[in-house]
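Peer 1: My questions all concern the structure below.
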Amino acid sequence: MVFENDYNAFMRSIYLNDAIGGEKIISASDTKNNFIVDAINDFGELRVKTFMRDFKSSGLKISLSKYLDI
């Protein structure tokens, strides 16, 4: 279940370049694709790609690669 605060926290983690916090939030999210699309609209594709390359979980990276080529 995703709450609006989860999305705001994810956006804040991108803004602050907190990959660990962002990874925790998005891995618990049921709507990863919405987070990615909205993040690209807010920050741009290059910024989101660069941010997600710092994620530690290779499984999460593979899962997210459906939405974004990282």
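Peer 1: Output the number of residues of region 19-33 satisfying the condition of being assigned to a helix (DSSP H, G or I) and either open to solvent by less than 80 Å² (accessible area, probe 1.4 Å) or small (Gly, Ala, Ser) (or both). Even if it seems obvious, please write down each step before you answer.
Peer 2: First, pick out the residues of region 19-33 that are assigned to a helix (DSSP H, G or I): 19-28, 32-33.
Subset that is either open to solvent by less than 80 Å² (accessible area, probe 1.4 Å) or small (Gly, Ala, Ser) (or both): 19, 21-23, 25-28, 32-33.
Counting residues in region 19-33 that are assigned to a helix (DSSP H, G or I) and either open to solvent by less than 80 Å² (accessible area, probe 1.4 Å) or small (Gly, Ala, Ser) (or both) gives 10.
Yes/no per residue for (1) free of Cβ contacts under 8 Å to residues at least 24 places away in the same chain; (2) part of a helix (DSSP H, G or I); (3) among the β-branched types (Val, Ile, Thr):
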{"site": "Arg12", "(1), (2), (3)": "yes, yes, no"}
{"site": "Asp38", "(1), (2), (3)": "no, yes, no"}
{"site": "Phe51", "(1), (2), (3)": "no, yes, no"}
{"site": "Asp54", "(1), (2), (3)": "no, no, no"}
{"site": "Leu60", "(1), (2), (3)": "no, yes, no"}
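Peer 1: Across region 1-18, what is the total count of residues that are surrounded by 12 or more Cβ atoms within 10 Å (Cβ to Cβ) and at negative phi? Spell out how you get there, then give the answer.
Peer 2: Narrowing region 1-18 to residues surrounded by 12 or more Cβ atoms within 10 Å (Cβ to Cβ): 2, 6-7, 9-15, 17-18.
So of that shortlist, the ones also at negative phi come out as 2, 6-7, 9-15, 18.
Selection size over region 1-18: 11.
Peer 1: May I pose another question? Which numbered condition trips up Lys61, out of (1) surrounded by 15 or more Cβ atoms within 10 Å (Cβ to Cβ); (2) closer than 15 Å to Ser13 by Cα?
Peer 2: The failed condition is (2).
Peer 1: So, one more: Could you say which residue among Val37, Val48 is buried (at least 17 other Cβ atoms within 10 Å of the Cβ), modelled with pLDDT of 85 or more and on the phi < 0 side of the Ramachandran plot?
Peer 2: On the way: Val37 fails: buried (at least 17 other Cβ atoms within 10 Å of the Cβ).
Checking each option against the conditions leaves just Val48.
The values are calculated or read from the model by the stated rules, or taken from the named source; none is laboratory data. All values derive from a computational prediction rather than experimental measurement. All Cβ positions, glycine included, derive from the backbone under ideal geometry; neighbour counts span all protein chains shown. Surface areas here come from the heavy atoms of the whole protein model, side chains and all, with no ligands, DNA or RNA. Shrake-Rupley method; radii C 1.70, N 1.55, O 1.52, S 1.80 Å.
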